[in-house]
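Here is the structure we will look at.
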Amino acid sequence: MKPAKQNPAGPRQAPRVLIAEDDLDRRIAELAAEIDRDYADSDRLVAIGVLKGSVFFLVDLLKRLTIPVAVDFFQTSSYGDSTEPGEVRIRKDIDESIRGADVLLVEDIVDTGYTLRTILDLLRWRGAKSVRLCALLDKASRRQVEVPIDYRGFEIEDLFVVGYGLDYNEIYRNLRYIGVYEGGA
Ligand code: PRP
């Protein structure tokens, strides 16, 4: 996430805790158990993350699965101002063929829904057997296009969240918790 105005000195203030590390761990273990059960009979499961934000969540989620799973990544960007997204561009495509595969799309956050809507449509068009979405955070009040979330970690308010993959100007992705960025250097 790019802030409207960048601070060259970089942020210093530790973001306020919104979802603590323990709560993330507990919820991710629950999601993994559900996914493990649901895909127990799958012939081919491919988990796909959307760079960069989803990486921390994807790794922790997949490490808890006991079923075989392939991993791949998309990277996207929106045309125009990132705070007013619209048309989504694929900057890095997946390497794997997903024809006939069960695809689990793994995301850190669903905001307006444009990114996930675009990717879900693309995966279906390419012939995936099934496509489901697992999102850690759901900022439902910001939604502009409908996106069904099959596995949801937490619904959150419209706050500028950072940590556990989410950034402010590329900083804070490595926090162990989800925090709220409240400005200040
Ligand atoms: C975030 C997030 C999703 C997208 C969701 O990525 O990881 O991919 O925005 O927003 P939407 O629902 O409004 O489409 P971002 O573009 O900030 O890139 P990053 O993951 O590299 O930080």
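The values are calculated or read from the model by the stated rules, or taken from the named source; none is laboratory data. Keep in mind that what you see is a predicted model, and the values were worked out from it rather than measured. Glycine gets a Cβ as well: all are built from the backbone with ideal geometry, and neighbour counts include every protein chain shown. Remember, those area values only see protein heavy atoms, side chains included, never the ligands or the DNA or RNA. Shrake-Rupley method; radii C 1.70, N 1.55, O 1.52, S 1.80 Å.
A few comments on the model shown:
- Residue tally, condition away from the ligand (no atom under 11 Å from the Cβ) and open to solvent by less than 70 Å² (accessible area, probe 1.4 Å), over region 114-132: 8
- Number of the condition not met by V50 [criteria: (1) out of contact with any Ser or Thr (no Cβ under 9 Å at 6 or more places or on another chain); (2) closer than 21 Å to V147 by Cα; (3) open to solvent by less than 40 Å² (accessible area, probe 1.4 Å)]: (1)
- Test: residue in region 164-185 that is in contact with a Lys or Arg (Cβ under 9 Å, 6 or more places away or on another chain), of a type in the set (G, A, S) and open to solvent by 20 Å² or more (accessible area, probe 1.4 Å): yes
- Filter result (outside any loop (DSSP other than H, G, I, E, B), β-branched (V, I, T) and closer than 25 Å to A14 by Cα) within region 127-169: V161, V162
- Each residue in region 94-113 was checked for being open to solvent by 60 Å² or more (accessible area, probe 1.4 Å) and either part of a strand (DSSP E or B) or more than 26 Å from A33 (Cβ to Cβ) (or both), and 3 of them qualify.
- Scanning region 133-150 for residues that are surrounded by fewer than 19 Cβ atoms within 10 Å (Cβ to Cβ) and farther than 24 Å from D23 by Cα gives R143, Q144, V145, E146.
- Residues of region 154-167 that turn out to be at positive phi and touching a Leu at 6+ places or on another chain (Cβ under 7 Å), as a count: 2
Here's the yes/no breakdown for (1) more than 13 Å from the ligand (Cβ to nearest atom); (2) within 20 Å of Q75 (Cα to Cα); (3) under 12 Å from the mean Cα position of the chain (by Cα); (4) at pLDDT below 95:
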residue	(1), (2), (3), (4)
V110	no, yes, yes, no
V162	no, yes, no, no
R176	yes, no, no, no
E182	yes, no, no, yes
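- Restricting region 15-63 to residues that are in a loop (DSSP other than H, G, I, E, B) and closer than 20 Å to L175 by Cα, the residue that is farthest from the ligand (Cβ to nearest atom): A20
- Tallying residues that are within 24 Å of Y177 (Cα to Cα), open to solvent by 50 Å² or more (accessible area, probe 1.4 Å) and free of Cβ contacts under 8 Å to residues at least 60 places away in the same chain within region 53-67 yields 3.
- Checked against the criteria, E170 counts as within 12 Å of the ligand (Cβ to nearest atom) and on the phi > 0 side of the Ramachandran plot.
- Any hit, region 65-75, residues being in contact with a Ser or Thr (Cβ under 6 Å, 6 or more places away or on another chain) and near the ligand (Cβ under 8 Å from one of its atoms): no
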